[in-house]
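The values are calculated or read from the model by the stated rules, or taken from the named source; none is laboratory data. Everything numeric in this text was worked out from a predicted model, so none of it was measured. Here the Cβ positions follow ideal geometry from the backbone for every residue, glycine too, while neighbour counts run over all protein chains shown. With ligands, DNA and RNA removed, areas are computed over all heavy atoms of the protein, side chains included. Shrake-Rupley method; radii C 1.70, N 1.55, O 1.52, S 1.80 Å.
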Amino acid sequence: MNIALIAHDEMKDTMIGFCIAYERILKNYGLYGTGTTGKRIMDETSLDVNRLASGPLGGDQQIGALIVSQDIDLVIFLRDPLSPKSHEPDVNDVVRLCDTYNIPLATNLATAEL
């Protein structure tokens, strides 16, 4: 199973905490992460993350392409719902593609932990 890990800047610390808490489980899967999120996960855990571009520089689109090619089985996308993003259309595309291809999507810590 391959898992995409994405977090807006305001949620990166939450993602790191999640990865630390579930490191023993996550190490059994292929992990993909956008730019800084992937780097921070690797710096702060022993997890190996296939790093893509930063979200605003095309990383969200790369995750979308992996969803379309059926190479992603689960997306954990910790979004900041209160701050608008310049790349919001790309963010929305990831959500839409998860719905289109029936990929489970967690957008907050509570759903990620399920």
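Computed values, structure above
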quantity	calculated
Subset tally (residues that are closer than 18 Å to residue 10 by Cα, in contact with a helix residue (DSSP H, G or I) (Cβ under 8 Å, 6 or more places away or on another chain) and either of a type in the set (Gly, Ala, Ser) or assigned to a helix (DSSP H, G or I) (or both)) for segment 27-52	7
Pairs with Cβ under 7 Å, 6+ apart, first in segment 100-114 and closer than 10 Å to residue 78 by Cα, second crowded, with 17+ Cβ neighbours inside 10 Å and of a type in the set (Lys, Arg)	107/79
Segment 59-68 - residue that is open to solvent by less than 10 Å² (accessible area, probe 1.4 Å) and more than 14 Å from residue 38 (Cα to Cα) and, of those, modelled with the highest pLDDT	67
Where residue 71 falls short, out of the listed (1) without any contact (Cβ under 8 Å) to a residue 60 or more places away in the chain; (2) assigned to a loop (DSSP other than H, G, I, E, B); (3) open to solvent by 60 Å² or more (accessible area, probe 1.4 Å)	(1)
Residues (part of a loop (DSSP other than H, G, I, E, B) and under 13 Å from the mean Cα position of the chain (by Cα)) located in segment 1-26	8
